[in-house]
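Taking it in order: structure first as structure tokens, then the write-up.
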Amino acid sequence: MWRVSGSWRDLGRAAKEAGGWLSRSAADLFFPPTCPACGRLTMSGGALCAGCWSQVRFIEKPYCDILGSPFSHDLGDGAVSADAIAHPPDFGRLRSACLFDGPARDLVHGLKYRDQTELAPMMALWMARAGAELIAASDVLLPVPLHRRRMLERRFNQAAELTRALSGVAGLPMLPDAVMRIRNTRHQVGLTRLGRDANVRGAFRLRDGGASQIFGRRILIVDDVYTTGATVSAIARLLARSGASEVNVLTFARALPDTI
């Protein structure tokens, strides 16, 4: 008589894992995994190919303690950039995973304009690593909201997709509806710093009941790209006026002045 070692639960788990492997193998056979940045075939899904990975410029220390902008050489702990001194932000600190160029730009455009929401979990992992100190000092995550008209056109908010994925990684709740965009602002691309500030002035307000979600909490604003910071600054000012105890910003990519 045959004897089987282990419990029926173990057998069930093994069968489930085998079934999952077979399903993935079949899917890879008919839909081979490709690099989300360049489209080349890869060994597994949800990852960049070696060529694209080598082109991503991750933002590592040394960088400005406030704006997270990279320094060419180490200026010591707590060093602050000239930009942060000349234009103090309305939030506490900013961190970004990588510079907005090359494959990173392709990922942002894929998520934002080509409906590739499956990119959000991978991008959120990079953000969680870059923003670990800010995540540890936060109570909630708040995505930059879209205007309802833009939401109807795009069908989803890329910042909310990143925030949802980051929430799962970081274990922090998100506030998807506390802040609303009440004015359908122009696209910020091509505008000067002053033009960007004017474009988003008065564009945001709290939803009914939003004040109770904001008051006394440490809030981390989440977005896909940081350029001059006009949008997140407008939201940060609103949150501060509403009683937030601290406001910081975490984005996937950071556009330096020569790439805006």
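Whenever a residue of region 48-76 is in contact (Cβ under 8 Å) with a residue 40 or more places away in the chain and at positive phi, its partners that are of a type in the set (A, V, I, L, M, F, W, C) and assigned to a loop (DSSP other than H, G, I, E, B), lying with C-beta atoms within less than 9 angstrom and at least six residues away or across chains, give the pairs Gly68/Ile59. Only strands (runs of 3 or more DSSP E) whose full extent lies in region 198-260 are considered here, and the ones with at least 3 residues that are over 22 Å from Tyr113 (Cα atoms) and of a type outside the set (D, E, K, R) are 246-254. Going through (1) at pLDDT below 90; (2) surrounded by 10 or more Cβ atoms within 10 Å (Cβ to Cβ) one by one, Gly76 falls short only on (2).
Evaluation of Thr163 against the conditions (1) under 22 Å from Leu206 (Cα atoms); (2) among the polar types (S, T, N, Q); (3) assigned to a loop (DSSP other than H, G, I, E, B) shows that the sole unmet condition is (3).
Against the conditions (1) buried (at least 18 other Cβ atoms within 10 Å of the Cβ); (2) more than 29 Å from Asp101 (Cα to Cα); (3) modelled with pLDDT of 95 or more, Ala240 satisfies every one except (1). Report whether or not Leu172 is among the aliphatic types (A, V, I, L, M), assigned to a strand (DSSP E or B) and over 19 Å from Phe58 (Cα atoms). It is false that Leu172 is among the aliphatic types (A, V, I, L, M), assigned to a strand (DSSP E or B) and over 19 Å from Phe58 (Cα atoms).
The criterion of at least 2 residues that are under 22 Å from Ala160 (Cβ atoms) and of a type in the set (Gly, Ala, Ser) is met, among helices (runs of 4 or more DSSP H) falling completely within region 82-132, by 102-113, 120-130. All told, Asp177 meets the bar of being in contact with a Gly (Cβ under 8 Å, 6 or more places away or on another chain) and modelled with pLDDT under 95. Each residue in region 182-223 was checked for being in contact with a helix residue (DSSP H, G or I) (Cβ under 8 Å, 6 or more places away or on another chain) and modelled with pLDDT of 80 or more, and 9 pass.
If you scan region 227-260, which residues turn out to be touching a helix residue (DSSP H, G or I) at 6+ places or on another chain (Cβ under 7 Å) and closer than 30 Å to Val56 by Cβ? Quick ask: steps written out before the conclusion?
If we filter region 227-260 for residues that are touching a helix residue (DSSP H, G or I) at 6+ places or on another chain (Cβ under 7 Å), which is where we start, we get 228, 230-231, 234, 239, 242-244, 247-250, 252-253.
Passing the criteria: Thr228, Ala230, Thr231, Ala234, Val247, Asn248, Val249, Leu250, Phe252, Ala253.
The values are calculated or read from the model by the stated rules, or taken from the named source; none is laboratory data. This one's a predicted model, so the numbers in the text were calculated from it and none came from an experiment. Note that we place each Cβ from the backbone using ideal geometry, even for glycine, and neighbour counts take in every protein chain shown.
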